[in-house]
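Working notes, structure below.
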Amino acid sequence: MLLRRGDRGPAVAAVRHALASLQKLAVIDPGIDPSEAEFDRDTDAAIRQFQQERGLIVDGIVGPVTVRSLTDARWTLGDRTLAYTLSSAMSGDDVTALQVRMA
């Protein structure tokens with residue numbers, strides 16, 4: 001799934017919500033129907049800023065790498081229990097913070 005400027009729908013609403021939770025985008029009116037959420041100019045600018053900050057390709061397109069990075073960015077140390085399992089590696093900013101502390 002690729003999302004870009006001009007797209008609409010629940011997937012766009014999820015991206016906008018993630019950006020708002022990271023304080024990259026103004027809080028969204030909860031009364032807006034998710035199917036009407038628009039990937040507008042502000043969303044495009046927020047995605048580009050996020051991509052640049054995370055060292056991703058800055059193209060304004062929300063693909064698998066950007067989605068994964070948005071997911072990882074929402075975690076801070078202490079938000080969840082971290083456990084090492086070989087079959088299911090954990091990732092996120094909380095994992096990185098713990099690794100830095102342990103080093």
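The values are calculated or read from the model by the stated rules, or taken from the named source; none is laboratory data. Bear in mind that the values here come from a model prediction, so they are computed numbers and not experimental data. Accessible surface is based on the protein model in full, side chains and every heavy atom, while ligands, DNA and RNA are left aside. Shrake-Rupley method; radii C 1.70, N 1.55, O 1.52, S 1.80 Å.
Annotations for the structure displayed:
- Expressed as a whole percent, the accessible area of the chain that falls on carbon and sulfur atoms is 54 (1.4 Å probe).
- Measuring only protein heavy atoms, the 1.4 Å probe finds residue 57 accessible over about 130 Å².
- Residue-wise HN-Hα couplings along the stretch 26-43, as the Karplus relation 6.51 cos²θ - 1.76 cosθ + 1.60 with θ = phi - 60° gives them from phi, are 4, 4, 8, 4, x, x, 7, 5, x, 6, 9, 4, 10, 7, 9, 4, 5, 5 Hz; Gly and Pro carry x.
- Tail fraction, Cα-Cα pairs, the stretch 20-80, threshold 20 Å, whole percent: 31 percent
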